[in-house]
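The values are calculated or read from the model by the stated rules, or taken from the named source; none is laboratory data. On a predicted model such as this, the values are computed, not experimentally measured, just so you know. Cβ placement follows ideal geometry from the backbone for every residue including glycine, while neighbour counts extend to all protein chains displayed. Ligands, DNA and RNA are stripped out before the accessible areas are found, and what is left, the full protein with its side chains, is counted by its heavy atoms. Shrake-Rupley method; radii C 1.70, N 1.55, O 1.52, S 1.80 Å.
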Amino acid sequence: MDDVNVIVVSSVRPENSMAAAVTLHRHLVNRRGIRLYVFPAEHHELAGGSVSSKIVPRLMRTSARYWANDMDYLMHTTLPLEKRLPAPPTSARTVVLTLAYRSGCWVAQRYAKRHGLPLAVRFDDWWPDIALVHAPVRKHLERRFLDLHRSADLSLCISEGMLKALGPHRNARVILPIPDAEPIRPSKCKDPSSEFRVGYSGNMFDYSDMLADLAQLALKQRDVRIEFRGRPRWPQALVHEMRHRHLLHDFEPEPGFDDWLGSFDAYLVVMFFDAAQRRRTETCFATKLVDYSRAGRPVVIWAPESSAVVQWAKKSKAALCVTDPDARALLDALAGLKRDRALQLELGARVRRAYETEFSPVGLQQQFMEGLNSVI
């Protein structure tokens, strides 16, 4: 069978960086059966030199960012930016792929329609609840977001919760985030009487407040040590102390990153407890959860009962869940896990089994290719 031409028109590109970009990278880059094209999708890229392409991005970094984001959304949904993109390959085996995040997806939608190509849309986050826009624009954005799902030839949903929230579709598939194909080789477990080391790597910007509370309490603990990798919005004094104690590291993966990741006794996944973020937690599935599964060590999920990750854990019994928003409850659970070696082994075996089955990189890539071929 000939290769599939995948044209990515998206604000988030296939890059080995973080979250959704990593998912796209793992599905698309250097993959047998895929010929990849990445086209620009943002107004400032496609209308370079215009006044608006210079002013709007600057305003997004100021107190006028809500007005700037309103303008950005309206420009991407009204201006014929798709006409500035290159023509697609002539092969019939061609599909346009986008991520329903920021504004590039609207350009992708019109580009696919203009050239009579099937459109595949990946839904990883509930973007209307994230966008920094005014309420009237947010309502319009949510309608467009749902219409993007309905009009797509292929809707790729990150979780069952996402599919349920988006509604019925003739060709929707739940495809979980794909982990790295290389397992983590964990270091040997230390003496049970030593510190219980817990690792967190990922989004520290959105979760800054809850992680700051946790970090401050964990500093007073002797039996549990939590290390973070990311860029938090923490008070400078806390950042300084955490770095001084080698508990906070830069986000950028570096040589030895997998060795660092493999040095922990357990891993932490967090989700919002804020009621205003409920839909996001119910629809999103943490990419870090599938990445942690590569180590075959216990995963601890600190999130509300209704979140997609907790629902998965309850069903699979492959993670320890703490659904109390109080950081002290999480630290108590970690201390209890440290004392329970049998539970550690059981959770490690279960999450390793998840990596070999539902999180299998081979299986998830096969599902992704089957999805693409279904619309060609």
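Along the charge dipole of segment 242-376, which of A308, T287, L330 sits closest to the positive end, that is, farthest toward it, with unit charges on the beta carbon of Lys, Arg, Asp and Glu (+1, +1, -1, -1)?
Working it through, the farthest residue towards the positive pole turns out to be L330.
Using the crude model of +1 on Lys and Arg Cβ and -1 on Asp and Glu Cβ, and no other charge, please compute the dipole size for the chain relative to its Cα centre, in debye to 20. Please report the intermediate quantities before stating the final value.
Working: 53 positive and 43 negative charges, 108 e Å.
Result for the chain is approximately 520 debye, rounded to the nearest 20.
Can you give the Rg to Rh ratio for segment 94-178, taking only C-alpha atoms and Rh from Kirkwood? Working shown, then result.
Values: Rg = 12.4 Å, Rh = 13.0 Å.
Here Rg/Rh amounts to 0.95.
Once all Cα-Cα distances of segment 53-101 are split into 5 Å bins that start at 0, what whole-number percent is in each one?
4, 16, 18, 20, 16, 11, 8, 5, 3, 0
In what sequence, highest mean first, do 239-247, 119-127 appear when ranked by Cβ atoms within 10 angstrom? Spell out each step's value before the answer.
Details: 239-247: 13.6, 119-127: 23.4.
Taking the mean over residues of other Cβ atoms within 10 Å, the ranking is 119-127, 239-247.
Output wanted: per-residue J couplings in Hz (rounded whole) for segment 25-36, from phi through Karplus 6.51 cos²θ - 1.76 cosθ + 1.60, θ = phi - 60°, x for Gly and Pro.
Taking θ as phi minus 60°, the curve returns 4, 5, 7, 10, 7, 6, 9, 5, x, 10, 10, 9 Hz for segment 25-36.
Relative contact order of the chain: what whole-number percent is it, with Cα pairs under 8 angstrom and at least 6 residues apart?
Numbers: 667 pairs, mean separation 56.5, N = 376.
So the answer I get is 15 percent.
What FRET efficiency comes out for A335 versus D180 if R0 is 35 angstrom and r is the Cβ-Cβ distance? Round to the nearest 0.05. The partial results should precede the final answer.
Values: r = 30 Å, r/R0 = 0.87.
E(calc), rounded to 0.05, equals 0.70.
Under the Kirkwood approximation applied to all pairs of distinct alpha-carbon atoms, what is the hydrodynamic radius of segment 20-174 in Å?
On the way: mean 1/r = 0.0605 Å⁻¹.
Kirkwood radius, segment 20-174: 16.5 Å.
So, in Å, what gap is there between the alpha-carbon centers of segment 237-292 and segment 195-212?
With segment 237-292 and segment 195-212 each reduced to a Cα centre, they are spaced 4 Å.
Is there a quick way to get the dipole size of segment 60-108? I mean about its Cα centre, with the Cβ of Lys and Arg at +1 and of Asp and Glu at -1; what is the value in debye to the nearest 20?
Charge dipole of segment 60-108: 140 debye, to the nearest 20.
Ordering R339, R32, R84 from largest to smallest accessible area (1.4 angstrom probe), what's the sequence?
Working: R339 180, R32 230, R84 150 Å².
Per-residue accessible area, sorted high to low, gives R32, R339, R84.
So, for the chain, what is the accessible surface per residue at a probe of 1.4 Å, expressed in square angstrom? Intermediate values should be presented prior to the final figure.
Working: 17490 Å² over 376 residues.
Counting only protein heavy atoms, the per-residue value for the chain is 47 Å².
At a 1.4 Å probe, what is the % contribution of carbon and sulfur to the accessible area of the chain? Show your work: numbers first, answer last.
Working: 9030 of 17490 Å².
Reported share for carbon and sulfur atoms: 52 percent.
Dividing the Cα radius of gyration by the Kirkwood radius, what Rg/Rh value follows for the chain? Please list the in-between numbers first.
Working: Rg = 21.6 Å, Rh = 22.0 Å.
With Rh from the inverse mean 1/r over Cα pairs, Rg/Rh is 0.98.
Apply the Karplus curve 6.51 cos²θ - 1.76 cosθ + 1.60, θ = phi - 60°, to the phi angles in segment 85-95 and return the couplings in whole Hz, x for Gly and Pro.
Values per residue, Gly and Pro as x: 8, x, 5, x, x, 7, 4, 6, 8, 10, 9 Hz.
Relative contact order (percent) for segment 36-80, with alpha-carbon contacts under 8 angstrom and 6 or more residues of separation?
It rounds to 30 percent for segment 36-80.
Using Cα pairs closer than 8 Å and at least 6 residues apart in sequence, work out the relative contact order for segment 239-376, in percent.
21 percent
Can you give me the long-range amide H partners of W302? Hydrogens built in the peptide plane at 1.01 Å from N, cutoff under 5 Å, separation of 5 or more residues or another chain.
V269, V270, M271, V322
Using the Cα centre of segment 240-296 as the reference point, and only Cβ charges (+1 on K/R, -1 on D/E), how large is the resulting charge dipole? Debye, rounded to the nearest 20.
So the dipole magnitude of segment 240-296 works out to roughly 360 debye.
Between T90 and A237, what is the spin-label point distance in nm, taking each point 7 Å from the Cα along the Cα→C-beta axis?
A separation of 7.0 nm, rounded to one decimal place.
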